[in-house]
């Protein structure tokens, strides 16, 4: 493949399971999500010049996809709420990869990827370029309604997938789809969902990976998706007012922090 993967799938733990249950308890009561999610990418792309200008952030050279996702989410937060906007650099990506995953520049033996659960702890405690997360939780990967709500409310979602080799060519076509083709898994990969539409009752996701925004179908997710992770930063939720009536975002964050 032309690009790198680099996700270390997070381990199943009691705390992670409890956080998923807390998230489900808060989202289940909201009912059906909007048919079209909030377009978190719009303001970013106005700043950077289009859907193909998100920045590779070294993910064509290093297995730093989790770090690239952190910085793409930072762009979402700055463009949609906390501001002022800035474009993260490759140097920002490399430095964050060093701090979180222990990467040593120039030593490929240390380029082994990142566990999102380790990443979440760092982002809650330290953050990057002034942005921290107040909490984080897994959303049931088979609950499309809750994933759509999460994407709509929280500034997008962190999607963890087993990345197939066929994703490379499909990337050029602008859509990841799956119709039974043979494939080989290249490794775990972290991408950022930034919105969705609903087609025949299924979400058609807008995702950011390898520096650009493309689409991903529900069939691709069902074949290759492993987990959906919500990173919670209340300033962006408050700024855009995406939390619907009936969702107490402060109570949700407090419940998650109690487990964290």
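The values are calculated or read from the model by the stated rules, or taken from the named source; none is laboratory data. Computed from a predicted structure; not experimentally measured. Using ideal geometry, Cβ is built from the backbone for each residue, glycine included, and neighbour counts are taken over all protein chains shown.
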Hey, can you tell me all the residues within the range 14-48 that are part of a loop (DSSP other than H, G, I, E, B) and either at positive phi or touching a helix residue (DSSP H, G or I) at 6+ places or on another chain (Cβ under 8 Å) (or both)?
30, 31, 32, 33, 34, 37, 38, 40
Residue 91 fails exactly one of (1) without any contact (Cβ under 8 Å) to a residue 60 or more places away in the chain; (2) surrounded by fewer than 22 Cβ atoms within 10 Å (Cβ to Cβ); (3) under 16 Å from the mean Cα position of the chain (by Cα), namely (3)
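Every residue, every condition in (1) surrounded by fewer than 22 Cβ atoms within 10 Å (Cβ to Cβ); (2) touching a helix residue (DSSP H, G or I) at 6+ places or on another chain (Cβ under 9 Å), yes or no:
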position: 207; (1), (2): no, no
position: 212; (1), (2): yes, yes
position: 215; (1), (2): yes, no
position: 221; (1), (2): no, yes
position: 245; (1), (2): yes, no
position: 252; (1), (2): no, yes
position: 258; (1), (2): yes, yes
Tell me, please, whether a residue that is outside any loop (DSSP other than H, G, I, E, B), out of contact with any helix residue (DSSP H, G or I) (no Cβ under 8 Å at 6 or more places or on another chain) and at pLDDT 95 or above can be found in the range 128-141.
no
Scanning for something assigned to a loop (DSSP other than H, G, I, E, B), in contact (Cβ under 8 Å) with a residue 60 or more places away in the chain, within 22 Å of residue 161 (Cα to Cα) and more than 19 Å from the chain's Cα centre (by Cα), does the range 99-111 turn up at least one residue?
yes
